[in-house]
Amino acid sequence: MAVKFSPLNAGWILVLVYAVGLAGFFFPQTNAIMNQLVWVNLLFTLIILLLFHKKWNQVFVASIFLIACIGFLLEVVGVKTGYIFGFYQYGPTLGYSYWDTPVMMMVTWVTTIYTTRQVAEMVSKEPFLTSTLAALMMVFLDFFIEPFAIRHQLWTWNSIEVPLHNYIGWFVSGLIIQYCFIKSVKFSVNKLSLPVYLIQLAFFIALFLLKK
């Protein structure tokens, strides 16, 4: 009997993938291999997530494309000026870069905006409150990503500590994008959104606690 590719099965596949990644980063012998696969995992996660999106139309596709482009441009301006998130530079781990910014950042912005919006909508349907909750979840996730990103050369900061400027920039930009996204396109719950957010959060919290 064929196994149905359901959100539950997809969730378990992602749990397995991230568990393997966690083990890979735990052992020094496999760190280099895991670094090379970071961008692959990010892309794989987004593809699996969007496989379970139900309402594909021109408005949704245009919105996702705009989120990807706006997120990328925010990162470009951030890297070039330091105005949005503070002064930082990207390393080689995320793959091909344009304007000193990895193209893969488009993927991370889409995944993060999409999943946090969906989780926030489980709590509230009011656009501004939903946008605020989603932006806060983005900041919360980023807090645990930062140590991992610095250790594995995703990016580095000019300052010794991650600046408060970064989290404020994440919140404000996330709030604006989320609000526009929510107001412009409506769609039903993607059953994989909450698992993806929780799996990624658990992954980075584990690495944060292990200091890996």
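The values are calculated or read from the model by the stated rules, or taken from the named source; none is laboratory data. Just so it is clear, the model here is predicted, and its values are computed rather than measured. Ideal geometry is used to build each Cβ from the backbone, glycine not excepted, and the neighbour counts take in all protein chains shown. Only protein heavy atoms, including side chains, enter the accessible area calculation; ligands, DNA and RNA are left aside. Shrake-Rupley method; radii C 1.70, N 1.55, O 1.52, S 1.80 Å.
So what are the three principal axis dimensions of the chain from its Cα atoms, in whole Å, longest to shortest?
If we take the Cα atoms of the chain, the spans are 48, 42, 29 Å.
Connecting C-alpha atoms closer than 10 Å in a GNM of the chain, tell me which of Asn190, Asn57, Asn166 has the biggest fluctuation.
Judging by the Gaussian network model, the answer is Asn57.
Only helices at least 15 Å long along their axis, Cα-based, and averaging 1.0 or more on Kyte-Doolittle count here, so list those DSSP H runs from the chain. Walk me through the numbers before you get to the answer.
On the way: long enough: 7-26 (28 Å, 1.74); 31-51 (30 Å, 1.88); 58-81 (34 Å, 1.97); 105-121 (24 Å, 0.32); 127-151 (36 Å, 1.39); 164-184 (30 Å, 0.85); 193-210 (26 Å, 2.27).
Within the chain the helices that satisfy the rule are 7-26, 31-51, 58-81, 127-151, 193-210.
Distance from the Cα centre of the stretch 8-25 to that of the stretch 130-160, in angstrom?
21
Over the chain, what is the mean sequence separation of C-alpha contacts under 8 Å (at least six apart), divided by residue count, expressed as relative contact order in percent?
Details: 245 pairs, mean separation 63.1, N = 212.
That works out to 30 percent.
Val162 accessible area, nearest 10 Å², 1.4 Å probe?
40
Sort Phe52, Phe143, Phe148 by accessible area with a 1.4 Å probe, largest first. Mind showing how you got there, number by number?
Details: Phe52 35, Phe143 95, Phe148 10 Å².
The ordering from most to least exposed comes out as Phe143, Phe52, Phe148.
Test of understanding: what is the full-extension gain from Leu201 to Trp12, defined as 0.36 nm times their sequence separation minus their Cα-Cα distance?
Values: separation 189, 0.36 × 189 = 68.04 nm, distance 1.54 nm.
Gain on extension, Leu201 to Trp12, equals 66.5 nm.
Pick from Phe26, Phe171, Phe144 the residue whose mean-square fluctuation is largest in a GNM of the chain, springs joining Cα atoms under 10 Å.
Phe26
Under 23 Å between C-alpha atoms is the cut-off here; go through the chain and count lysine pairs that meet it, provided they're at least eight residues apart or on different chains.
Close lysine pairs under the 23 Å cut-off: 15.
Over all distinct alpha-carbon pairs, what is the Kirkwood Rh of the stretch 79-191 in angstrom? Don't skip to the answer; put the middle values down first.
Numbers: mean 1/r = 0.0671 Å⁻¹.
Computed over Cα pairs of the stretch 79-191, the Kirkwood hydrodynamic radius comes out at 14.9 Å.
Taking the simple approach of a point 7 Å from Cα along Cα-to-Cβ for both Leu210 and Asn31, what is their distance in nm?
Label-label distance for Leu210 and Asn31, simple model: 1.3 nm.
I need the semi-axes of the equivalent ellipsoid of the stretch 87-127: take the C-alpha gyration tensor, multiply each eigenvalue by 5, square-root it, list largest first in whole angstrom. If you can, show how the numbers build up before the last one.
Details: eigenvalues 180, 19, 12 Å².
Listed largest to smallest, the semi-axes of the stretch 87-127 are 30, 10, 8 Å.
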